[in-house]
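Enquirer: Questions regarding the structure given below will be posed in turn.
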Amino acid sequence: IKGTWMGSTILPCTYVPSEGFTQQTLSWSLERDYSSSTIFRRDSSGDHILLAGFRGRVSVPKDSPGNASLLIESLEITDSGHYTCQITWMSEDNSLVKKEVTTTVKVLKGTVPLASWHPPPSI
């Protein structure tokens, strides 16, 4: 996914809710420069934004089952990296099921990279 500096982007993470499975935790983590940090976590105590640099800039829909997509606003160049959505459910027999989806984000300055710009043809 390409994002524009100071713009916003949505990182998709969707699933089909299944009867008998209860969502336990949802987390989004960012891997950058060979280290990984959790930026967002939702559990029984609510939503938590764990990295100060993302406070007030990230959100996940609350009332749409099956949609755990991450909205990032006011994108910074440093927001580029690999984002992983991990959801854990508990089944009726108390076993845990996990799903992970990773999305790569590249934040670019400007709206069109110069390399792809071509002057209009002469008439």
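The values are calculated or read from the model by the stated rules, or taken from the named source; none is laboratory data. On a predicted model such as this, the values are computed, not experimentally measured, just so you know. We place every Cβ from the backbone using ideal geometry, glycine too, and count neighbours over all the protein chains shown. Accessible surface is based on the protein model in full, side chains and every heavy atom, while ligands, DNA and RNA are left aside. Shrake-Rupley method; radii C 1.70, N 1.55, O 1.52, S 1.80 Å.
Enquirer: Which of Met90, Val16, Val105 sits closest to the plus end of the dipole of region 2-105, meaning its Cα is farthest towards the positive end, when Lys and Arg get +1 and Asp and Glu get -1 on the C-beta?
Expert: So the residue we want is Val105.
Enquirer: Shifting gears a bit: Normalise the Cα radius of gyration of the chain by 2.2 N^0.38 Å (N = residues in it) and let me know the number. Intermediate values should be presented prior to the final figure.
Expert: Values: Rg = 17.7 Å, N = 123, 2.2 N^0.38 = 13.7 Å.
Dividing the Cα radius of gyration by 2.2 N^0.38 Å gives 1.29.
Enquirer: For region 2-105, give the magnitude of the charge dipole about the Cα centre (Cβ charges: +1 Lys/Arg, -1 Asp/Glu; no others), in debye to the nearest 20. Could you put the intermediate results ahead of the total?
Expert: Details: 9 positive and 12 negative charges, 47 e Å.
Magnitude of the dipole: close to 220 debye.
Enquirer: Here is a further query. I need to check one value: relative contact order of the chain, counting alpha carbon pairs closer than 8 Å and at least 6 residues apart, in percent.
Expert: Numbers: 236 pairs, mean separation 41.7, N = 123.
Rounded, it is 34 percent for the chain.
Enquirer: Distance between the C-alpha centers of region 80-98 and region 2-41? Whole Å please.
Expert: Spelled out, the Cα-based centre of one part sits 11 Å from the other.
Enquirer: Right, here's the next one. In Å, the Kirkwood hydrodynamic radius of region 8-55 over pairs of distinct alpha carbons? Could the numbers behind the result be given before it?
Expert: On the way: mean 1/r = 0.0786 Å⁻¹.
It is 12.7 Å.
Enquirer: On average, how much accessible surface per residue is there in the chain, in Å², for a 1.4 Å probe, leaving out ligands, DNA and RNA?
Expert: In whole numbers, the chain has 65 Å² accessible per residue.
Enquirer: Which one, Ser69, Thr38, Thr4, is farthest towards the positive end of the dipole of region 2-105 when Lys and Arg carry +1 and Asp and Glu -1 on their Cβ?
Expert: Thr4
Enquirer: Under 23 Å from the Cα of Lys109, which lysines turn up, not counting those fewer than eight places away in the same chain?
Expert: Within the straight-line limit of under 23 Å, Lys109 reaches these lysines: Lys2.
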